[in-house]
Ligand code: ADE
Ligand code: ZN
């Protein structure tokens, strides 16, 4: 489909909610709502340094990525059993289905859990069972991307990979997350090369707070297929040309960027600049329980703040399917439904 009909500004939010879409950048531990954190803490007898849900929520005032990560890793400490991981992911999928997310690729951070004595088997099996049930019961297909924590060593990442290999069939890809500045992609050159040999899809967070140089090395040294965030790329004209030419998708997370002070407000966000430069940008929620909105909120708030139209909406949804790790037949099916939604929308 080449022609997107103009849509009145007051009808855009309905179109954004209704259009089918894929979510490619969601840390499943970042979907843990304060209510579920307290319920799991009670179930597992874990003490929390907050007296109530409200007190925890009021701590969600972040100044940068690290100020968020400190609270995010503490929140994940309530996850102990396979059922906990299942319940967390099921809650995410229930909301995602409401947002017309038809496919999701979930990041998870096993080192956050194995360091506390929770086994890889517990983590992967709980999340995988939720993915299977999401497809069967909600019609949302899903897969798992294991992320290495970049503030830890490459040796630790190699150990984590070894622990994950018995569950190889339940993991589609490998990513890289946590504190970016000072932990460049090239710190993980050898372990990513090994993951590539093993046939995993590869992605990495780069250019969230870190410089364009980190996006270059994620591409050229780690050989990733997508860049998570990547918004700092607009500071490097040559990098923008490279990303456009090779159709490297950026999984952009506007509300995350706002809450972590990457941009002062959504009106200043560079999503439109990325799209208009021909980049395969997508919209995602990152850690929605912490950043004030799931996928449709990311779409509607970003479009309300800036000069984005129905053509941009179509491109963002289409990019989400094209950049996903589903097979070509599934991509064509989803894009067909997307075209139908735009053709019939009034
Ligand atoms: N882990 C969870 N959310 C993250 C983000 N936005 N950046 C890096 N690591 C993360
Ligand atoms: Zn992220």
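The values are calculated or read from the model by the stated rules, or taken from the named source; none is laboratory data. These numbers were taken from a predicted model, which means no experiment stands behind them. Positions of Cβ are generated from backbone atoms using ideal geometry, with glycine treated the same way; all protein chains shown enter the neighbour counts.
Taking the stated definitions as given, is residue 92 at pLDDT 95 or above, assigned to a helix (DSSP H, G or I) and within 15 Å of ligand 1 (Cβ to nearest atom)?
Details: at pLDDT 95 or above: yes; assigned to a helix (DSSP H, G or I): yes; within 15 Å of ligand 1 (Cβ to nearest atom): yes.
Yes, satisfied.
Starting from residues that are away from ligand 2 (no atom under 16 Å from the Cβ) and more than 15 Å from residue 119 (Cβ to Cβ), keep the ones in the stretch 147-160 and report whichever is surrounded by the most Cβ atoms within 10 Å (Cβ to Cβ). Full working, then the answer.
Here is the first cut: in the stretch 147-160, the ones away from ligand 2 (no atom under 16 Å from the Cβ) are 152-160.
Among the residues that remain, those that are also more than 15 Å from residue 119 (Cβ to Cβ) are: 152-158.
Working: 152: 16, 153: 14, 154: 15, 155: 10, 156: 16, 157: 25, 158: 15.
This residue is 157.
Please pick out the residue among 255, 222 that is buried (at least 16 other Cβ atoms within 10 Å of the Cβ) and closer than 22 Å to residue 196 by Cα. Even if it seems obvious, please write down each step before you answer.
Values: 255 fails: closer than 22 Å to residue 196 by Cα.
Every option except 222 fails the conditions.
What residue, among those in the stretch 18-35 that are in contact (Cβ under 8 Å) with a residue 60 or more places away in the chain and over 18 Å from the mean Cα position of the chain (by Cα), is farthest from ligand 2 (Cβ to nearest atom)? Break it down into steps so the answer makes sense when it comes.
Of the residues in the stretch 18-35, the ones in contact (Cβ under 8 Å) with a residue 60 or more places away in the chain are 18-34.
Then keep just the ones that are over 18 Å from the mean Cα position of the chain (by Cα); that gives 18-19, 34.
Details: 18: 26, 19: 23, 34: 19 Å.
Looking at the filtered set, the residue picked out is 18.
At pLDDT 95 or above, buried (at least 16 other Cβ atoms within 10 Å of the Cβ), more than 16 Å from ligand 1 (Cβ to nearest atom) and not in a loop (DSSP other than H, G, I, E, B): does that describe residue 250?
Numbers: at pLDDT 95 or above: yes; buried (at least 16 other Cβ atoms within 10 Å of the Cβ): yes; more than 16 Å from ligand 1 (Cβ to nearest atom): no; not in a loop (DSSP other than H, G, I, E, B): yes.
Criteria not met by residue 250.
Looking at the stretch 115-146, which of its residues are surrounded by fewer than 18 Cβ atoms within 10 Å (Cβ to Cβ) and out of contact with any strand residue (DSSP E or B) (no Cβ under 8 Å at 6 or more places or on another chain)?
Of everything in the stretch 115-146, those that are surrounded by fewer than 18 Cβ atoms within 10 Å (Cβ to Cβ) and out of contact with any strand residue (DSSP E or B) (no Cβ under 8 Å at 6 or more places or on another chain) turn out to be 115, 116, 117, 119, 121, 125, 129, 132, 133, 136, 137, 138.
For the stretch 219-236, enumerate the residues that are in contact (Cβ under 8 Å) with a residue 40 or more places away in the chain and in a helix (DSSP H, G or I).
Across the stretch 219-236, the qualifying residues are 231, 233, 234.
Taking the stated definitions as given, is residue 282 under 27 Å from residue 74 (Cβ atoms) and under 13 Å from the mean Cα position of the chain (by Cα)?
Values: under 27 Å from residue 74 (Cβ atoms): no; under 13 Å from the mean Cα position of the chain (by Cα): yes.
In short, no.
Can you confirm whether the stretch 31-42 contains a residue that is assigned to a helix (DSSP H, G or I), under 17 Å from residue 178 (Cα atoms) and in contact with a helix residue (DSSP H, G or I) (Cβ under 9 Å, 6 or more places away or on another chain)?
Within the stretch 31-42, the first condition is being assigned to a helix (DSSP H, G or I), and the residues that meet it are 31, 34-42.
Of the ones still in play, those that are also under 17 Å from residue 178 (Cα atoms) are 31.
Next, only the ones that are in contact with a helix residue (DSSP H, G or I) (Cβ under 9 Å, 6 or more places away or on another chain) stay: 31.
Among the residues of the stretch 31-42, at least one is assigned to a helix (DSSP H, G or I), under 17 Å from residue 178 (Cα atoms) and in contact with a helix residue (DSSP H, G or I) (Cβ under 9 Å, 6 or more places away or on another chain), which makes the answer yes.
Check residue 165 against each of (1) surrounded by fewer than 17 Cβ atoms within 10 Å (Cβ to Cβ); (2) farther than 22 Å from residue 106 by Cβ; (3) more than 16 Å from ligand 1 (Cβ to nearest atom) and name the one condition it does not meet.
Against the list (1) surrounded by fewer than 17 Cβ atoms within 10 Å (Cβ to Cβ); (2) farther than 22 Å from residue 106 by Cβ; (3) more than 16 Å from ligand 1 (Cβ to nearest atom), residue 165 comes up short only on (2).
For the stretch 45-60, state whether one or more residues are in a helix (DSSP H, G or I), within 23 Å of residue 321 (Cβ to Cβ) and modelled with pLDDT of 95 or more.
Taking the stretch 45-60 as the starting set, the residues that turn out to be in a helix (DSSP H, G or I) are 53-58.
So of that shortlist, the ones also within 23 Å of residue 321 (Cβ to Cβ) come out as none.
So far as the stretch 45-60 goes, no, none of its residues is in a helix (DSSP H, G or I), within 23 Å of residue 321 (Cβ to Cβ) and modelled with pLDDT of 95 or more.
Only one residue in 224, 191, 215 is within 16 Å of ligand 1 (Cβ to nearest atom), over 23 Å from residue 261 (Cα atoms) and touching a strand residue (DSSP E or B) at 6+ places or on another chain (Cβ under 8 Å), so which one is that?
That would be 224, the only listed residue that is within 16 Å of ligand 1 (Cβ to nearest atom), over 23 Å from residue 261 (Cα atoms) and touching a strand residue (DSSP E or B) at 6+ places or on another chain (Cβ under 8 Å).
Could you go through the stretch 98-110 and let me know if any residue there is within 14 Å of ligand 1 (Cβ to nearest atom), without any contact (Cβ under 8 Å) to a residue 60 or more places away in the chain and crowded, with 22+ Cβ neighbours inside 10 Å. Walk me through how you get there before you give the answer.
Start the filter on the stretch 98-110 by keeping residues that are within 14 Å of ligand 1 (Cβ to nearest atom), which leaves 106-110.
This time we only want the ones that are without any contact (Cβ under 8 Å) to a residue 60 or more places away in the chain, so: 110.
Adding the requirement that they be crowded, with 22+ Cβ neighbours inside 10 Å leaves 110.
There is at least one residue in the stretch 98-110 that is within 14 Å of ligand 1 (Cβ to nearest atom), without any contact (Cβ under 8 Å) to a residue 60 or more places away in the chain and crowded, with 22+ Cβ neighbours inside 10 Å.
Does at least one position in the stretch 230-239 carry a residue that is buried (at least 23 other Cβ atoms within 10 Å of the Cβ) and within 22 Å of residue 325 (Cα to Cα)?
Yes, the stretch 230-239 has at least one match.
For the subset of the stretch 64-87 comprising residues that are away from ligand 1 (no atom under 14 Å from the Cβ) and either touching a residue at least 60 places away in the same chain (Cβ under 8 Å) or under 16 Å from residue 111 (Cα atoms) (or both), which member is surrounded by the most Cβ atoms within 10 Å (Cβ to Cβ)? Lay out the reasoning, then the answer.
So the first thing to find is which residues in the stretch 64-87 are away from ligand 1 (no atom under 14 Å from the Cβ), and the list is 77-87.
Among the residues that remain, those that are also either touching a residue at least 60 places away in the same chain (Cβ under 8 Å) or under 16 Å from residue 111 (Cα atoms) (or both) are: 77-82, 85.
Working: 77: 18, 78: 22, 79: 27, 80: 19, 81: 14, 82: 19, 85: 25.
Among those residues, the one meeting the criterion is 79.
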